[in-house]
Amino acid sequence: MRNLAQNQDEELSKIFKVQYYEAVCNLGVKYVTKIILNILKNSGAWELLLQRYFSASKLMNKLNYVSDRIYAFEWMLRFLVNNEHLTTQHEKDNCLYKTRIKDPEINIDELRSSILDIDRNLLPSCEYMEFISGYYTDFFQGKIGGHEILFVKDKMRLWNEYFSNENSGYAVYNQLGALGIKKWVPEIIKDITFFEIGTGTGNASLLALNQLETSGLNDRVKNYILSDISPIFLRLSKLNISENYRGNIPVLIKKIDFNEPLIKQDISFKDIHVIYGVNVLHIAKDLLFSLKELYNILNPGGMLVISECIREKPSDTLVQEIIFNLLDSYTSVKLSETYRTTPGFLTLDEWIKVFKCAGFDNIDYVINNGLVDCDKVKNCPMHAMVLRGIKK
Ligand SMILES: C[S@@+](CC[C@H](N)C(=O)[O-])C[C@H]1O[C@@H](n2cnc3c(N)ncnc32)[C@H](O)[C@@H]1O
């Protein structure tokens with residue numbers, strides 16, 4: 001007889017296919033390595049790293065880079081250390097970086113072709129990464145801000161395509177989130193109010209709504225609230241749902257900032273049973289504060305379900321961070337020794353700790369661990385998690 005774990009593994013394998021690990025995790029790491037090498041070579045940083053050991057701040061000084069962009073700059077150096085292009089030495093509290101590789105071979109076109117040969121639907125990820133890489137030197141010199149690079153005017157097209165369910169580099173998080181909904185939401189009996197935070201383009205919402213339909217939960221869902229801090233994203237998600245969702249769950253729109261007290265934001269919908277977010281909460285300025293706020297607006301027995309990219313170790317550098325490191329909201333967050341040691345993505349262990357600190361109980365999760373043979377697919381542990389916590 002089949003057991004639940006077998007079913008779950010099968011469903012996970014449909015989301016995280018071997019091609020995903022080969023293209024995104026294995027070749028994707030090489031691809032981002034090449035992008036970073038290009039940026040460092042073109043700016044003269046590589047020449048300096050060949051000569052002697054530098055701390056990130058000394059190197060930035062030499063290149064006339066502005067000091068408040070140090071997180072993104074040092075992340076690039078750490079990425080190259082993790083992928084064996086730089087060596088390190090420690091001097092007091094400083095990490096120093098150097099290279100011995102004079103002329104790293106850079107053929108980004110070949111790598112992109114290999115990635116697209118495996119999966120054509122990774123084009124939006126490749127296009128987006130190459131697009132932003134052209135702005136990085138200006139960003140480090142303080143000539144342009146991350147928001148301007150990512151969001152102004154026609155750049156929204158690339159952002160939209162990146163977060164689309166057609167982009168296999170990103171859609172896995174929306175699909176994993178939908179799996180969490182299928183697994184846990186049936187525990188709630190009736191008249192469910194579903195509240196999604198950081199709805200963005202509405203692609204996670206679309207899969208969530210479709211999942212509620214296919215799980216036969218649509219008659220139990222009173223309404224589904226799409227929320228975001230950004231009016232542009234609210235417009236985009238509303239349009240996406242009205243064009244693509246064919247079911248009968250009433251969808252409402254609400255502007256919400258989860259960095260601010262929720263009670264002041266006219267949350268008249270008191271009976272919230274499910275709060276949902278895909279790759280959103282890691283950007284909360286003060287994560288514990290936001291989680292407690294969300295906890296407070298849930299009905300007893302209600303749940304918070306999040307799908308998130310996770311690090312295996314806090315020191316991991318993940319390919320998509322080359323995009324998100326441009327944003328202050330990703331890098332400037334409150335850190336904690338206990339539950340949040342790095343900006344951006346957390347580890348599974350950190351998520352469990354911070355959920356518990358906020359009061360959540362009965363924590364359960366699914367991660368894409370052990371699905372493929374890591375000896376065959378190098379660099380395979382690119383992890384994703386869907387996790388839920390219940391209000392006591
Ligand atoms: C990575 S995107 C989420 C993508 C989304 N799940 C999708 O399917 O497109 C993060 C979203 O969180 C929103 N966001 C950022 N800070 C926020 C805040 N303080 N409160 C609410 N939403 C926020 C952003 O506007 C953005 O739409």
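Please indicate, with yes or no, whether at least one residue in the range 208-225 is within 29 Å of N167 (Cα to Cα), surrounded by 15 or more Cβ atoms within 10 Å (Cβ to Cβ) and near the ligand (Cβ under 9 Å from one of its atoms). Among the residues of the range 208-225, not one is within 29 Å of N167 (Cα to Cα), surrounded by 15 or more Cβ atoms within 10 Å (Cβ to Cβ) and near the ligand (Cβ under 9 Å from one of its atoms), which makes the answer no. Each residue in the range 270-309 was checked for being under 13 Å from F355 (Cβ atoms) and touching a helix residue (DSSP H, G or I) at 6+ places or on another chain (Cβ under 7 Å), and 12 of them qualify.
Among the residues that make up the range 280-303, is at least one of them of a type in the set (D, E), within 10 Å of the ligand (Cβ to nearest atom), within 30 Å of A72 (Cα to Cα) and at pLDDT 95 or above? Checking the range 280-303: not a single residue is of a type in the set (D, E), within 10 Å of the ligand (Cβ to nearest atom), within 30 Å of A72 (Cα to Cα) and at pLDDT 95 or above.
Would you pick out the residues in the range 60-81 that are closer than 12 Å to T99 by Cβ and either surrounded by 21 or more Cβ atoms within 10 Å (Cβ to Cβ) or touching a Pro at 6+ places or on another chain (Cβ under 8 Å) (or both)? Outline the logic, then answer.
Of the residues in the range 60-81, the ones closer than 12 Å to T99 by Cβ are 77, 80-81.
L77, L80, listed by residue number.
Residues of the range 123-133 include none that is out of contact with any helix residue (DSSP H, G or I) (no Cβ under 6 Å at 6 or more places or on another chain) and exposed (fewer than 14 other Cβ atoms within 10 Å of the Cβ). Inspection of the range 259-273 finds a residue satisfying the criterion of being in contact (Cβ under 8 Å) with a residue 40 or more places away in the chain and open to solvent by less than 10 Å² (accessible area, probe 1.4 Å). The lone criterion from (1) β-branched (V, I, T); (2) near the ligand (Cβ under 9 Å from one of its atoms); (3) crowded, with 19+ Cβ neighbours inside 10 Å; (4) touching a residue at least 40 places away in the same chain (Cβ under 8 Å) left unmet by I232 is number (3).
What number of residues within the range 317-332 are in a loop (DSSP other than H, G, I, E, B) and either in contact with a helix residue (DSSP H, G or I) (Cβ under 7 Å, 6 or more places away or on another chain) or farther than 27 Å from S133 by Cα (or both)? It would help to see each step written out before you state the result.
We begin by selecting, within the range 317-332, every residue in a loop (DSSP other than H, G, I, E, B); these are 317-320, 325-327, 332.
In the following step, the residues that additionally are either in contact with a helix residue (DSSP H, G or I) (Cβ under 7 Å, 6 or more places away or on another chain) or farther than 27 Å from S133 by Cα (or both) were identified as 317, 319, 325-327.
Number satisfying all stated conditions: 5.
The values are calculated or read from the model by the stated rules, or taken from the named source; none is laboratory data. Computed from a prediction, not measured in an experiment: that's the story for all the values here. Here the Cβ is made from the backbone with ideal geometry for all residues, glycine too, and neighbour counts use every protein chain on show. Keep in mind that these areas ignore ligands, DNA and RNA; they rest on the heavy atoms of the full protein, side chains included. Shrake-Rupley method; radii C 1.70, N 1.55, O 1.52, S 1.80 Å.
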